[in-house]
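J.: So that we are looking at the same thing, I have put the structure below in structure tokens.
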Ligand code: SF4
């Protein structure tokens, strides 16, 4: 049964009701459980759990250090293109936004790579808008071998592809695919995705399965926090994650928890996720799943990021640019969203060291796997 | 109700037929146990006779028979035994057991996976007996096995759940029933296996070789039911409270 069939059987209203009626007892049970299941995740995401935040944080810290040690993986996004054939009302790359469009040429790509390499990164996330014809499988197949010469770990965050296309990219060195559902609530999804292929909720929902069956090493899930009730979205992502883990057990999984940021022509968040809420969410996922990787982008403020680091985060970006060609030519106004933490990678690494965390630049060598 | 492949079981205690002093004692114990799935070794059935001392009374009891391939040392031998069982007993269920090692009867993971994949292709309902190896169990599930039967400890050793940490992982990950097989020597151990969330246990030696097999069968029946009910009710857990270091969420208050 594919996840979309499984998902159809979930009654979202009922789940939401259960989530909001969790009691202190349920939270305590979840905190004490040696193995946690989806009902425990529900309790930990519920409003009732906010009174237990310190306990959750202490446990999340211990589990993370036990599983990952003091290591935090460092990565950087490399924006390949801001072309997009979709309309998402929260994103600066939306098709109708008046914005100079750009796709990196080989020379520009190499220039970006050399700057990123100088900063010490060995793990890269290739990002593009979703434009199948102009920035599609042919472009990715061309770009990947170039990038792979310089980075041991290459992830992509592009439009959903077919299984065979993922397979072809794996053969060229692809290690990870991030594909965020944005929201698991179909009515909200339809409201925010008003044009283009991304409107197909189910095709997006089944992407991680195609990624996994193509043998990609790591799969990233994510929700855009602010589009709708974050507690329910997080719980549904938990369902997705456990479905995938059960069936595709050779893959590694990561999640990303971006809060909606201002962008050109963007919507204001419908629901605000407070700092406290974000901490609860990170801790809940860590308690639910000890081996899950959790990424933290530069969307958050520096001091808040420092405080989040010990709580379960395993990967961070630093010194990011969110526009194509932005490392070589910053501030050209082509960016996808505003970033909040402007610290350079080395500044960030130093901060991490002062709180006893170890920035890891390279931890992957495909040839050995 | 436990479902394995297309069959439903009310009892989660599976039993074996070896080691009883005589057929009568065996039948009395099995019937007391209320077990609905009974394994029997193909190597023990007399193929030349129409009436078999072991087989015929079991068939009359109406329990589901699970022929096993004990004695097979290779995939090829096990496949042969399974085919023989299908022909003779009219069942495509098979407990796949391959142990080339006569001393501890340790299951051979490599031959078992190879045989399981052939037998599943041929339409058998395969329940493989394996070491408590979580990766192997996932691979057996992938080739189409109907359940997995990891061992608690060496066959007949009565050492109980020596493999508990690995059984826990197997139970957590499996999408098919997990039957803990081998090594369960006391009702308390069967109860523990069920509390952990095992779908069923298979007990043979502990019942067959006890001084009073019929009584012991009752004890196991009750232990399995108790363990299952405790699992469903949700066990309270043992925690070592985290030592409180400096608060991690104070920044939220400022
Ligand atoms: S979110 Fe992605 S698909 Fe939507 S407009 Fe932005 S780049 Fe395009």
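J.: Given 4 °C and 1.567 mPa s, how large is the Stokes-Einstein diffusion coefficient of the range A:176-254 in µm²/s, with Rh as the Kirkwood radius over Cα pairs?
T.: Calculated translational D: 101 µm²/s.
J.: Here's another thing I want to ask about it. Using Cα springs under 10 Å in a Gaussian network model of chain B, which residue among B:114, B:211, B:132 shows the largest mean-square fluctuation?
T.: Residue with maximal mean-square fluctuation among B:114, B:211, B:132: B:211.
J.: Follow-up. Provide, as a two-decimal number, the C-alpha radius of gyration of the protein assembly as shown over 2.2 N^0.38 Å, N being how many residues it has.
T.: Its radius of gyration relative to the 2.2 N^0.38 Å reference: 1.11.
J.: Express in nm, to one decimal, how much length is gained between residue A:8 and residue A:167 on full extension, taking 0.36 nm for each residue of separation and deducting their alpha carbon distance.
T.: Between residue A:8 and residue A:167, full extension yields 54.4 nm more.
J.: log10 I(q)/I(0), Debye, Cα-only the range B:43-180, no solvent, q = 0.19 Å⁻¹?
T.: Summing over Cα pairs of the range B:43-180 leads to -1.11.
J.: Could you state the angle between the C-alpha long axis of helix A:106-118 and the longest principal axis of the C-alpha atoms of chain A, as a value from 0 to 90 degrees rounded to the nearest 10?
T.: Result, in degrees: 50.
J.: Measure nothing but the geometry: give the 0 to 90° angle between the long axis through the Cα atoms of B:213-233 and the longest principal axis through the Cα atoms of chain B, rounded to 10°.
T.: In chain B, helix B:213-233 runs at an angle near 40 degrees to the longest axis.
J.: Please identify, among A:218, A:102, A:276, the residue showing maximal mean-square fluctuation in a Gaussian network model of chain A using a 10 angstrom Cα cutoff.
T.: Maximum fluctuation in the GNM of chain A, among the listed residues, is at A:276.
J.: Antiparallel DSSP bridges in the range A:69-361: what percent, to the nearest 5?
T.: Counting only bridges with both partners in the range A:69-361, antiparallel ones make up about 10 percent.
J.: Can you say what percent of the DSSP beta bridges in chain B, counting only those with both residues inside, are antiparallel? Round to 5.
T.: Restricted to chain B, the bridges split so that about 10 percent are antiparallel.
J.: Given the options A:70, A:32, A:57, which has the most mean-square fluctuation in a GNM of chain A, springs set between C-alpha atoms less than 10 angstrom apart?
T.: Maximum fluctuation in the GNM of chain A, among the listed residues, is at A:32.
J.: Which shape class applies to the range A:69-361: rounded if a/c is under 1.5, otherwise prolate when a/b exceeds b/c and oblate if not, where a ≥ b ≥ c are the square roots of the Cα gyration tensor eigenvalues?
T.: rounded
J.: Is the range B:98-254 rounded, prolate or oblate when judged by the Cα gyration tensor, a ≥ b ≥ c being the square roots of its eigenvalues, rounded requiring a/c under 1.5 and prolate requiring a/b larger than b/c?
T.: oblate
J.: Pop out the Kirkwood hydrodynamic radius of the range B:1-92 from its pairwise C-alpha distances, inverse of mean 1/r, in Å to one decimal.
T.: Evaluated on the range B:1-92, it is 14.0 Å.
J.: Another question, if that's okay. Compute the long axis of helix A:275-288 from its Cα atoms, compare it with the longest principal axis of the Cα atoms of chain A, and write down the angle in degrees, 0 to 90, nearest 10.
T.: It works out to around 80 degrees.
Quick note: the coordinates plus some simple rules give every number you see, no bench work behind them. Note that this is a predicted model, so its numbers are computed, not measured.
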